[in-house]
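One structure is given below, encoded as structure tokens.
Nothing in this text is a laboratory measurement; each read-out follows from the coordinates by a stated rule. All values reported here derive from a predicted model rather than from experimental measurement. We place every Cβ from the backbone using ideal geometry, glycine too, and count neighbours over all the protein chains shown.
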Amino acid sequence: MKRTTVLALVVAALLGGGGGFLLDHVLTSSGRTTFAPALMLPVLLVLLGALCLALAWPIRRAVRDAEAPRVDPFRALRVAVLAKSASIVGSAVGGAALGLLLYGATRPVSPALGSLGTTIATAVAGALLVVAALVAEHFCTLPKDPDERQPDDPAAGLEPR
């Protein structure tokens with residue numbers, strides 16, 4: 001499995017930002033109030049980041065410490081996939097919150113302080129989720145095996161002495 005790339009995170013953030021901006025524009029042009037995230041959304045994003053780190057910590061210990069209990073490789077893969085998806089979700093939700101903030105900044109009337117606070121908290125929590133998930137994904141990375149050589153390695157055909 002390949003690690004999460006910066007390009008994937010930037011694309012998710014741009015799509016989320018465009019979606020947040022468009023959502024507020026459609027709501028405002030139809031005469032409704034703008035969207036404000038619920039207060040529990042940033043809390044849940046931070047809890048998801050903490051869960052990713054908590055699940056990845058035993059895998060990190062098993063990789064770094066020889067006396068640590070062995071971890072099932074399928075469990076490590078599941079945690080790595082969870083961390084990868086959490087980083088993309090955090091990027092998209094953080095981008096959507098930034099899109100909501102950008103739309104509110106372009107309006108002649110500033111939004112209510114309560115909705116502004118939850119939107120900022122959601123953007124910060126999305127960024128924290130991205131960081132926590134990338135760290136958890138790093139924890140699930142196995143070190144390269146010294147016996148394995150890449151096919152493009154010039155020493156691949158040489159026998160060890």
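Right, Leu14: surrounded by 14 or more Cβ atoms within 10 Å (Cβ to Cβ), over 19 Å from Leu134 (Cβ atoms) and hydrophobic (A, V, I, L, M, F, W, C) or not? For Leu14, the condition - surrounded by 14 or more Cβ atoms within 10 Å (Cβ to Cβ), over 19 Å from Leu134 (Cβ atoms) and hydrophobic (A, V, I, L, M, F, W, C) - is not met. The residues listed here are Leu100, Leu55; of these, the one that is part of a helix (DSSP H, G or I) and more than 30 Å from Gly20 (Cα to Cα) is Leu55. Scanning the range 20-52 for residues that are surrounded by 14 or more Cβ atoms within 10 Å (Cβ to Cβ), farther than 17 Å from Val130 by Cβ and not charged (D, E, K, R) yields Phe21, Leu23, His25, Leu27, Thr28, Thr34, Phe35, Ala36. Give me the residue from the range 89-122 that is among the hydroxyl-bearing types (Ser, Thr, Tyr) and crowded, with 24+ Cβ neighbours inside 10 Å and, out of that set, farthest from Ser29 (Cα to Cα). Filtering first and then ranking leaves Ser91.
The rows are residues; the columns are (1) touching a strand residue (DSSP E or B) at 6+ places or on another chain (Cβ under 7 Å); (2) within 16 Å of Gly94 (Cβ to Cβ); (3) among the aromatic types (Phe, Trp, Tyr).
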site: Thr28; (1), (2), (3): no, no, no
site: Phe35; (1), (2), (3): no, yes, yes
site: Val43; (1), (2), (3): no, yes, no
site: Leu48; (1), (2), (3): no, yes, no
site: Cys52; (1), (2), (3): no, yes, no
site: Arg61; (1), (2), (3): no, no, no
site: Asp72; (1), (2), (3): no, no, no
site: Arg78; (1), (2), (3): no, no, no
